[in-house]
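Chemist: Okay, handing you the structure first.
The values are calculated or read from the model by the stated rules, or taken from the named source; none is laboratory data. Nothing here was measured: the structure is a model prediction, and the numbers come from that model. Here the Cβ positions follow ideal geometry from the backbone for every residue, glycine too, while neighbour counts run over all protein chains shown.
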Amino acid sequence: MALLTVGVFGKSQMENEKRVPIHPRQLAWIDEEVRQHLFFEEDYGIPFGVSNDKIRSVVGGMLPREELFEKCDIVLIPKPVLADFKAMKEKTILWGWPHCVQQKKITQEAIDRKLTLIAWEAMHKWSSSGAWQMHIFHKNNEIAGYASILHVIGLLGIDGNYGPPRKVVVISFGSVSRGAINALHGLGFHDISVFTQRHAVFVADQIPGVQYFHFERSDSGQLISLHPDRHSMPFIEELAQADVIINGTLQDTDNPLMFVDKGELDKLKPESVIIDVSCDEGMGFYFARPTTFEDPMFKQEQVYYYAVDHTPSYLWRSASWAISQSLVPYLPVIMQGPDRWEESETVWRAIEIKKGVIQNPKILTFQNRAETYPHEVL
């Protein structure tokens, strides 16, 4: 079969990002014909104790970063930054986490260079009837929640087994929240309440010992919580009881939820902490913005706020293994090109931009762009 060439990048230009897309010890899982079309960045395996010679012996070759951009049809970069997009030749295919809905400059580079962006964040398993089943990279998301708890607990110097008891509120219950709860339980935190937009009875695979409640937006636009006894209250009052607040919500960028708005922050407990794993700037909390491993947390009045936007890198070896497990089965599909993509709902629905033409309407609405190419900002 005819295959496109793939440049597999090992070094990231994002601060403290150490994850790789293909774990060196999973190369044996890949068919030889596919491997011979993979070109790895020099020193790719060194952090994992795998030499250049070892990798070179089983793949198409190893090249400096600049040559990968020039030679390969597809670039495989987990967390591409603007400089990566500027280095891509025209009509390159990017396979990674571009998160271009909220990134105007990256979107513009993709438009100008006629790039195709296949977004990991948009890769899902769909049923034959078109119903959503699961996110392909759900294990990485679980690690995001898990790692964020480990990081914050160390930064604050607290623990669930020692010191005063602490109440935890978790917003949403997807993979991120599940990972966070697993970490919390391991650290001795057991007073945990989860609030979801689904009624508690419809939340599958509930974790024993965790309380589940429902919240929704009222007709007036206010968020309210609903309890099984039909008791309700403003959602901010639920958050006001918490020592630890974890946000694992996948926001609708066209209609985001605000959990703490201006004028409400003083209702939260002094010295409480918000762990905003979702970290969408300006969403959820009026002061929300991504933070970095170099400066992971700040204090907003009396409340700590943490929002490192690539927390799985805190556990980069485990995260790389999980990413690779998710990605390797789709390598042949991606490498066979557009005709093959159309046969895979998982891949086809994950194309955010195709040869510079925006496919995801949320990019248009969030960035206020014209519907037709070149999608000028209105």
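Chemist: For the range 17-121, list the helices (runs of 4 or more DSSP H) that sit wholly inside it and hold at least 3 residues that are over 25 Å from the mean Cα position of the chain (by Cα) and free of Cβ contacts under 8 Å to residues at least 24 places away in the same chain; which are they?
Modeler: Values: elements: 32-35, 52-56, 65-71, 82-87, 104-112.
Answer list for the range 17-121: 52-56, 65-71.
Chemist: List the number of the failed condition for Thr365; all other conditions in (1) under 22 Å from the mean Cα position of the chain (by Cα); (2) without any contact (Cβ under 8 Å) to a residue 60 or more places away in the chain; (3) assigned to a helix (DSSP H, G or I) hold.
Modeler: The one condition Thr365 does not meet is (2).
Chemist: Sticking with this one: Out of the range 238-266, which residues are without any contact (Cβ under 8 Å) to a residue 60 or more places away in the chain, touching a strand residue (DSSP E or B) at 6+ places or on another chain (Cβ under 8 Å) and not in a loop (DSSP other than H, G, I, E, B)? If you could, list the steps in order and put the result at the bottom.
Modeler: From the range 238-266, those without any contact (Cβ under 8 Å) to a residue 60 or more places away in the chain are 240, 251-252, 255-258, 260-266; that's our starting set.
In the following step, the residues that additionally are touching a strand residue (DSSP E or B) at 6+ places or on another chain (Cβ under 8 Å) were identified as 251, 256-258, 260, 265.
Residues satisfying the conditions are Met258, Val260, Leu265.
Chemist: Continuing with the same structure: Could you tell me which residue of the range 29-69 is surrounded by the most Cβ atoms within 10 Å (Cβ to Cβ), considering only residues that are acidic (Asp, Glu) and more than 24 Å from Glu17 (Cα to Cα)? Working first, answer last.
Modeler: As a first pass, look at the range 29-69 and keep what is acidic (Asp, Glu): 31-33, 41-43, 53, 66-67.
Next, from what is left, pick out any that are more than 24 Å from Glu17 (Cα to Cα): 31-33, 53.
On the way: Asp31: 9, Glu32: 9, Glu33: 11, Asp53: 9.
The extreme case among them is Glu33.
Chemist: Looking at the structure I just gave you, is Ser324 farther than 17 Å from Val6 by Cα and either of a type in the set (A, V, I, L, M, F, W, C) or assigned by TED's automatic domain parsing to the domain that holds Trp120 (or both)? Before the answer, list the steps.
Modeler: Values: farther than 17 Å from Val6 by Cα: no; either of a type in the set (A, V, I, L, M, F, W, C) or assigned by TED's automatic domain parsing to the domain that holds Trp120 (or both): yes.
So Ser324 does not fit the description; no.
Chemist: Without any contact (Cβ under 8 Å) to a residue 60 or more places away in the chain, in contact with a Gly (Cβ under 6 Å, 6 or more places away or on another chain) and not in a helix (DSSP H, G or I), is that true of Gly160? Give the derivation first.
Modeler: Values: without any contact (Cβ under 8 Å) to a residue 60 or more places away in the chain: yes; in contact with a Gly (Cβ under 6 Å, 6 or more places away or on another chain): yes; not in a helix (DSSP H, G or I): yes.
So Gly160 fits the description; yes.
Chemist: Can you pull out the residues in the range 225-245 that are more than 27 Å from the chain's Cα centre (by Cα) and either closer than 27 Å to Leu156 by Cα or not small (Gly, Ala, Ser) (or both)? Step through it out loud before you land on a result.
Modeler: Step one: of the range 225-245, the residues more than 27 Å from the chain's Cα centre (by Cα) are 226-234, 237, 240-241.
Leu226, His227, Pro228, Asp229, Arg230, His231, Met233, Pro234, Glu237, Ala240, Gln241 - these are the residues of the range 225-245 that are more than 27 Å from the chain's Cα centre (by Cα) and either closer than 27 Å to Leu156 by Cα or not small (Gly, Ala, Ser) (or both).
Chemist: Quick check on the range 297-345: of everything there that is of a type in the set (A, V, I, L, M, F, W, C), touching a residue at least 12 places away in the same chain (Cβ under 8 Å) and more than 21 Å from His135 (Cβ to Cβ), which residue is surrounded by the fewest Cβ atoms within 10 Å (Cβ to Cβ)?
Modeler: Here the residue is Met297.
Chemist: What number of residues in the range 349-362 are in contact with an Asp or Glu (Cβ under 7 Å, 6 or more places away or on another chain) and part of a strand (DSSP E or B)?
Modeler: The qualifying residues number 0.
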